[in-house]
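Note sheet for the following structure.
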Amino acid sequence: MPTELAKAYEPKEAQAWCLDFWDKLNVGHSEPDGRKPYTIVIPPPNVTGALHMGHALNSTLQDVLIRWRRMQGYNAEWMPGTDHAGIATQAVVERRIFAEEKKTRRDIGREELVKRIWLWKDQYEKRILGQLKQMGCSADWQRTRFTLDEGCSRAVRETFFRMFRDGYIFRGKRLVNWDTHLQTSVADDETYTEDIKGGFWTFKYPVVGSNEFIRFSTTRPETMLGDTAVCVHPSDERYKHLIGKRVLIPLVNREIPIIADGQLANMELGTGCVKVTPAHDPNDYACYSRHPEIGLINILNPDGKINEAGGKYQGLERTKAREAVVKDMEALGYFEGKEDRTIPMKFSDRSKTPIEPYLSDQWFVRMGENPAASGVAKPGFAQMAMDAVTSGKVTFFPERYKNTYLEWLGEKRDWCISRQLWWGHRIPIWYTKRSEAELKQAFAGRSDVCGAWTRRTRNTWSARTTNWT
């Protein structure tokens, strides 16, 4: 019986038929069969909404490559999946809950928040995968993965265990990018910088035991509450006689030393004198690492409000504390003026709120040289990644981006991997006061603890497991 053709071509009808036909034939699926493999793992899109044009371009290029290799006879495998995107997804869901119910995550609790995020994930993962299919992506849909699947979670625990055991993962108190809105640390690539209208305040501290004062300027007056030193250049004739003496912080009635550091103080800029707040500024923290005797004072709670170290300013939000500090310094006669300035401000890419440099206990991946237990240092991850490029094993197109990559990795800054979230992979670390012998006895014969225990610090253990979370 002849088939009657439609008078006009309807792309939607043709597309629906074609996608159904491909799906029944499993055109993207492959199994190992001896042919030369060619594989691509799709960079998993975040389950935070819908795909955008960048995803469309990226997926199109991958689809071109996988189809090309498939037609050449390769055993081509393009594995699709989605990313739980811990901080981004939690932030989106939290904003939605607050907009609809005026509740925070602490109002509803961890269990309820995670439950709602799973519902969000199911909805938007289906939407994202549907978009990829509508684009005609010839992926292996039978192998679709989600980054919180049991297989992925087990891989995270296994990798953490090995890196922890080998000294590439460690816990330390460091200055991190802190999102006070989400109350979590964020990585450098989760921030962006914008110029904003700000101020440049000039104050003076009295030198103890004399009638002299030392002048300094700051864009963040509230951090004076956490000052632990005042720094001058060792060659600055104006201040040489003051090095080693002490000044008084009138706001908290605390004495701090005057130190010399040529890397922090610049004789040609401003007063030539710099207040040092190691717990709230990266440059000041670097100065502290060179002069550990000055100590650190953290003046903030995780929500960005002043803590008990701020004395009478405790409980004030940062901007309110700034106003109060300036007002009080002016009343005491230690305020010398303010200039309006445009200053660079770092923001969280997740909450779009200002980032606070914050001293906190966090987990890090060691990027620099790793001192091995044998005493022979192992190359760090940053150096290994750089060597792969300089040796020609990895190439860049366009080639000019190679220099940007090498400069960025050349800093070899340890990578903060811990997040204070309720959604995502939990760090597989347990704390105990039991001895190693007691632990071995308690877990003797347990098949779910594969690799026993690895001890990195006192009472801190990591277990390689098959079914623990």
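Going from the alpha-carbon gyration tensor of region 87-207, what semi-axes, largest first and in whole Å, does one get by taking the root of 5 times each eigenvalue?
On the way: eigenvalues 262, 118, 64 Å².
The answer is 36, 24, 18 Å, longest axis first.
Report the Rg/Rh value for region 31-84, based on alpha-carbon coordinates and the Kirkwood definition of Rh. Intermediate results must be reported in sequence, preceding the final value.
Details: Rg = 12.9 Å, Rh = 12.3 Å.
A ratio of 1.06.
Report the extension gain between R290 and E150 in nm, rounded to one decimal, defined as 0.36 nm multiplied by the number of residues separating them, less their alpha carbon distance.
On the way: separation 140, 0.36 × 140 = 50.40 nm, distance 4.50 nm.
Net length gain for the segment: 45.9 nm.
On full extension of the chain, what length is gained from T432 through E407, given 0.36 nm per residue of separation minus the C-alpha to C-alpha distance? Please report the intermediate quantities before stating the final value.
Working: separation 25, 0.36 × 25 = 9.00 nm, distance 4.15 nm.
Between T432 and E407, full extension yields 4.8 nm more.
What is the list of residues in region 142-160 whose amide nitrogen lies under 14 Å from a point 7 angstrom out from the Cα of K133, following Cα to Cβ?
Only 142-145 fall inside the zone, counting backbone N under 14 Å.
Provide the descending list of Cα extents for region 268-414 along its principal axes, expressed in whole angstroms.
64, 41, 37
Which whole-number percent gives the relative contact order of region 243-367, counting Cα pairs below 8 Å spaced six or more residues apart?
Numbers: 120 pairs, mean separation 21.4, N = 125.
RCO, region 243-367: 17 percent.
May I ask you to order 227-239, 297-309 by the average number of other C-beta atoms within 10 Å around their residues, highest value first? Walk me through the intermediate numbers first.
Numbers: 227-239: 19.8, 297-309: 18.1.
Ranked from most to least packed, the peptides come out as 227-239, 297-309.
List the pairs from K103/K352; K346/K433; K305/K352; K245/K305 whose alpha-carbon separation is above 29 Å, in the order I gave them.
K346/K433; K245/K305
Can you spot the lysines whose alpha carbon is less than 17 Å from K402's alpha carbon? Ignore those fewer than 8 places along the same chain.
Qualifying lysines at Cα under 17 Å: K393, K412.
Dipole of the chain, Cα-centred, from +1 at each Lys and Arg C-beta and -1 at each Asp and Glu C-beta, to the nearest 20 debye?
Working: 69 positive and 61 negative charges, 219 e Å.
In debye, rounded to 20, the chain gives about 1060.
Below 8 Å between Cα atoms, with a sequence gap of 6+, how large is the relative contact order for region 9-153 in percent? Kindly include the intermediate steps, with their values, before the conclusion.
Values: 159 pairs, mean separation 52.2, N = 145.
Relative CO of region 9-153 lands at 36 percent.
Rounded to a whole number, what is D in µm²/s for region 167-219 from Stokes-Einstein with the Kirkwood radius over alpha-carbon pairs (20 °C, 1.002 mPa s)?
Working: Rh = 15.7 Å.
Result for D is 137 µm²/s.
With charges only on Cβ, +1 for K and R and -1 for D and E, what is the dipole size of region 276-332 about its Cα centre, in debye, rounded to 20? Could the numbers behind the result be given before it?
Details: 7 positive and 9 negative charges, 18 e Å.
Computed about the Cα centre, the dipole is about 80 debye.
Top to bottom by accessible area (1.4 Å), largest first, where do D281, D140 land? Could the numbers behind the result be given before it?
Details: D281 45, D140 0 Å².
Sorted descending by solvent-accessible area, the residues read D281, D140.
In Å and whole numbers, how far do the C-alpha atoms of region 1-55 stretch along each principal axis, longest first?
If we take the Cα atoms of region 1-55, the spans are 43, 38, 15 Å.
Fully extended, how many nm does the chain gain between E369 and L332 (0.36 nm per residue separation, minus their Cα-Cα distance)? If you can, show how the numbers build up before the last one.
Working: separation 37, 0.36 × 37 = 13.32 nm, distance 4.96 nm.
That works out to 8.4 nm of additional length.
Output the Cα-based Rg and Dmax of the chain in Å, rounding Rg to one decimal and Dmax to a whole number.
Looking at the chain, its Cα Rg and Dmax stand at 28.3, 109 Å.
At 1.4 Å probe size, what's the solvent-accessible area of F364? Round to the nearest 10 Å².
10
Can you list residues from other chains, or at least 5 along the same chain, whose modelled amide H is less than 5 Å from the amide H of R145?
G81, T82
Run down the aspartates and glutamates and flag those whose C-alpha is under 17 Å from the C-alpha of K275, throwing out any fewer than 8 positions away in its chain.
E212, E222, D227, D236, E255, D261, D284, E293, E336
If you plug each phi of region 232-240 into the Karplus form 6.51 cos²θ - 1.76 cosθ + 1.60 with θ = phi - 60°, what whole-Hz ³J(HN,Hα) values come out, in order, with x for Gly and Pro?
10, 6, x, 9, 7, 4, 5, 10, 3
For region 169-320, just list the percent of Cα-Cα distances falling in each 10 Å bin from zero outward, please.
In whole percents, the pair-distance histogram is 10, 37, 36, 15, 2, 0.
Rounded to the nearest 10 Å², what accessible area does V93 show when all protein chains are kept and the probe is 1.4 Å?
The accessible area comes out at roughly 10 Å².
What relative contact order, as a whole-number percentage, does the chain give when Cα pairs under 8 Å and 6 or more residues apart are counted? Show your work: numbers first, answer last.
Details: 768 pairs, mean separation 78.6, N = 469.
Dividing the mean separation by the residue count of the chain yields 17 percent.
Treating each Cα of region 1-136 as an identical point scatterer and ignoring solvent, apply the Debye formula and state log10 I(q)/I(0) at q = 0.14, 0.17, 0.22 Å⁻¹.
-0.82, -0.99, -1.30
Given the Cα atoms of region 326-408, and with Rh set as the inverse mean 1/r over their pairs in the Kirkwood sense, what is Rg to Rh to two decimals?
Working: Rg = 22.4 Å, Rh = 18.3 Å.
Ratio value, two decimals: 1.22.
Pull up all non-local amide H partners of A76: gap of 5 or more, or a different chain, and H-to-H distance under 5 Å with H placed in the peptide plane.
Those lying under 5 Å, H to H, from A76 are Y38.
For G199, enumerate residues with amide H under 5 Å from its amide H, sequence gap 5+ or separate chain, H modeled in the peptide plane.
R341
I'd like the projected area of region 53-128, averaged over all directions, using the convex hull of its alpha carbons. Report it in nm² with one decimal. Let's see the in-between values first.
Numbers: hull surface 26.6 nm².
Mean orientational projected area (region 53-128, Cα hull): 6.7 nm².
The values are calculated or read from the model by the stated rules, or taken from the named source; none is laboratory data. Everything quoted here is computed from the prediction, not taken from an experiment. Cβ sites come from the backbone with ideal geometry, for glycine too, and all protein chains shown count toward neighbours. Heavy atoms of the whole protein, side chains included, go into the accessibility calculation; ligands, DNA and RNA do not. Shrake-Rupley method; radii C 1.70, N 1.55, O 1.52, S 1.80 Å.
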